[in-house]
Amino acid sequence: MIFESREEAGRILAQDLRDRVNLEDKPIVLAIPRGGIPVAYQIAKTLKIPMSVVVVRKLGLPWNEEAGFGAVDPEGSAYIDEELVSRARLDLETVKSIAKRELEEVRKRERIFVPEGYPSLKDREVIIVDDGVATGYTAIAASNFAKKKGAKKVIVAVPVCPKEACGRFEGKVDEFICHHTSSEFSFAVGLFYRDFHQLSDEEVLGYIKMAKEEGLFEP
């Protein structure tokens, strides 16, 4: 399956979520920026529920930052693939250094995207959204952050993922929804989009502005 754009993926994913969202639990969509923002915007708009942003960062290998070995959440908690770290022979100090650097990037993006802070998640149904998952660690980091903030239920919803990622979320979230599961040997999220351009901060802020104007953004 090929999505035309992140917005189309969001509209499709919204239909997958329609019967799973409980309005009595004050649901909110939390987008992982940047790629998750257009997806989340379309979900919020279609289902008429609020959205916001959760800034988490992938921890990449020193020689290949695109190859993630974990992620860090807004509170600085790191979620690590211990087996990969061992195989890559990363020492503790290197891991800490990478996590510290990425946490600084989290703070920078928070100032840009959520300068007023995160919305209250206590006793709410929280839907974590991205444009896809590969290792899944950023979504896991975002999910754990939501749980620490008192979320009643945490759902991770993405348009596309590799088949093996599904098992990675067992016991970590209340529900994992992936519209298209791929069994391809070589997986990359971008392969499933015709338009997968890298979003700029300005584009992200444009979506946030639209959501605010439509009364969809918290806070």
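Values quoted throughout were computed directly from the atomic coordinates according to the rules given, and no laboratory measurement underlies them. Since this is a predicted model, take the numbers as computed values, not measurements. Cβ coordinates were reconstructed from backbone atoms using ideal geometry, including for glycine residues, and neighbour counts include every protein chain displayed.
Average projection, convex hull of the Cα set of region 1-114: 9.0 square nanometres.
Between Glu164 and Lys148, the modelled label-to-label distance comes to 2.8 nm, taking each label 7 Å out from Cα in the direction of the beta carbon.
Of Gly190, Gly68, Gly35, the residue with the greatest mean-square motion in the GNM of the chain, using alpha carbon springs below 10 Å, is Gly190. Mind checking which of Ala142, Leu61, Phe176 is farthest towards the positive end of the chain's charge dipole, using Cβ charges of +1 (Lys, Arg) and -1 (Asp, Glu) about the Cα centre? Sorting the options by dipole projection puts first Ala142.
From the alpha carbon gyration tensor of the chain, can you work out the equivalent ellipsoid semi-axes (sqrt of 5 times each eigenvalue) and give them in Å, largest to smallest?
25, 20, 17
By the Cβ distance rule of under 4.7 Å, the chain has these cysteines without a partner: Cys166.
With respect to the cross-link table entries Lys163/Lys212; Lys58/Lys172; Lys100/Lys212; Lys172/Lys209; Lys26/Lys100, which display a Cα-Cα separation exceeding 29 Å? The partial results should precede the final answer.
Details: Lys163/Lys212 35 Å; Lys58/Lys172 17 Å; Lys100/Lys212 32 Å; Lys172/Lys209 32 Å; Lys26/Lys100 34 Å.
In this structure, Lys163/Lys212; Lys100/Lys212; Lys172/Lys209; Lys26/Lys100 lie more than 29 Å apart at Cα.
What does the charge dipole of the chain about its Cα centre add up to, to the nearest 20 debye, if the Cβ of each Lys and Arg holds +1 and the Cβ of each Asp and Glu holds -1? Numbers along the way, then the final one.
On the way: 32 positive and 37 negative charges, 92 e Å.
For this selection, approximately 440 debye.
Bridging of Lys152 to aspartates and glutamates at a Cα separation below 16 Å is possible for Glu24, Asp25, Asp123, Glu125, Asp174, Glu175, once same-chain residues fewer than 8 apart are set aside.
With both bridge residues required to lie in the chain, what share of the DSSP beta bridges run antiparallel, to the nearest 5%?
Numbers: 8 of 29 bridges.
Roughly 30 percent of the beta bridges in the chain run antiparallel, per DSSP.
Normalised by the number of residues in the chain, the mean separation of alpha-carbon contacts (under 8 Å, six or more apart) gives a relative contact order of 26 percent. For the chain, find the longest principal axis of its Cα atoms and tell me its angle to the long axis of helix 36-47, 0 to 90°, nearest 10. It works out to around 30 degrees. If you run the Gaussian network model on the chain, springs between alpha carbon atoms under 10 Å, then out of Glu164, Glu110, Glu66 the most flexible one is Glu66. Against the main long axis of the alpha-carbon atoms of the chain, helix 92-113 sits at an angle near 20°.
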